[in-house]
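The structure under discussion appears below in the form of structure tokens.
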Amino acid sequence: MCEEDIIRYCAPTLAGMKTGSLFACCYPCKALLREEVRSLNRRLAGKGLRVLPLSFKNNRALLYVFRPDMLKQSLHNSLACRLLEQRGYPCGNPDRCIIRLMEQLRAAPEFPHEIGLFLGYPPEDVKGFIEQRALHCKCTGWWKVYGDQKEAEQIFERYKRCTDCYLRNWQRGKSLEALTVSLPDKSRP
């Protein structure tokens, strides 16, 4: 996995603006990828960030880069909880919710669209996406918007500026650790 991909797909999460990000990466050996993930977690855990491989298929892994404290807040929302509970998630426990998400990615016939809640997308937009089957949205950016279009467009612009800035700084030699904003993970002792 390359650091440029982490920065390209996860900059708003690295900056502490977004709960989580996903990206797929190729791997030649699952054990090697797991070691790279462990190394990333050692480097970034002190900044309140975690990296988990959610699924493996055809030498591609789906990696989840997230902030556990922000995830706890995102999943605490009453609409988010209802959406998750309807799909068999144990809403009061973010770690168990992630395990359930991994099970859904492995076994469900469709991609689990509730994954947007794990990325910090507005619950009303996740609900709209599920109910509308991805049709009839107001606009599309980092996600499909069914709720507050103006607010979403402002967020999309902030995420774009953040990503552009992070890529520029990384290309100028700033390390991944230097680019990652420190938000201590309060869920760990």
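If the chain linking residue 107 and residue 124 were pulled fully straight, counting 0.36 nm for each residue of separation and taking away their Cα-Cα distance, it would gain 3.6 nm. Among residues other than residue 161 with Cβ under 15 Å from its Cβ, the summed charge is +2 (Lys and Arg +1, Asp and Glu -1).
Across all directions, the shadow cast by the convex hull of the chain built on its C-alpha atoms averages 10.9 square nanometres. Taking 7 Å steps out from each Cα toward its Cβ at residue 79 and residue 175 produces label points 4.1 nm apart.
Based on the convex hull around the alpha carbon atoms, the range 1-112 presents an average projected area of 7.2 nm². Calculated [222 nm] ellipticity per residue, helices only, for the chain: -16000 deg cm²/dmol; basis is -39500 (n - 2.57) per DSSP H run with n ≥ 4, divided by all residues, nearest 500. Taking all C-alpha pairs of the range 79-156, those more than 14 Å from each other amount to 60 percent. Across the chain, the relative contact order, built from alpha-carbon pairs under 8 Å that are at least six residues apart, equals 28 percent.
Checking the cross-link pairs 72/150; 18/57; 18/150; 57/144; 57/138; 47/174 against a 28 Å limit on the alpha carbon distance flags 57/138 as lying beyond it. Count Lys and Arg as plus one, Asp and Glu as minus one, and take only other residues whose Cβ is under 14 Å from that of residue 85; the net charge is then +4. Using a probe radius of 1.4 angstrom, the carbon and sulfur fraction of the accessible surface of the chain is 51%.
What the range 23-165 shows is 53 Å² of accessible area per residue, with the surface traced by a 1.4 Å probe over protein heavy atoms. Largest GNM mean-square fluctuation among 116, 16, 92, using the chain with Cα springs under 10 Å: 92.
The values are calculated or read from the model by the stated rules, or taken from the named source; none is laboratory data. Note that this is a predicted model, so its numbers are computed, not measured. Neighbour counts run over all protein chains shown; Cβ positions are idealised from the backbone, glycine included. The accessibility values were calculated without ligands, DNA or RNA, using every heavy atom of the protein model including side chains. Shrake-Rupley method; radii C 1.70, N 1.55, O 1.52, S 1.80 Å.
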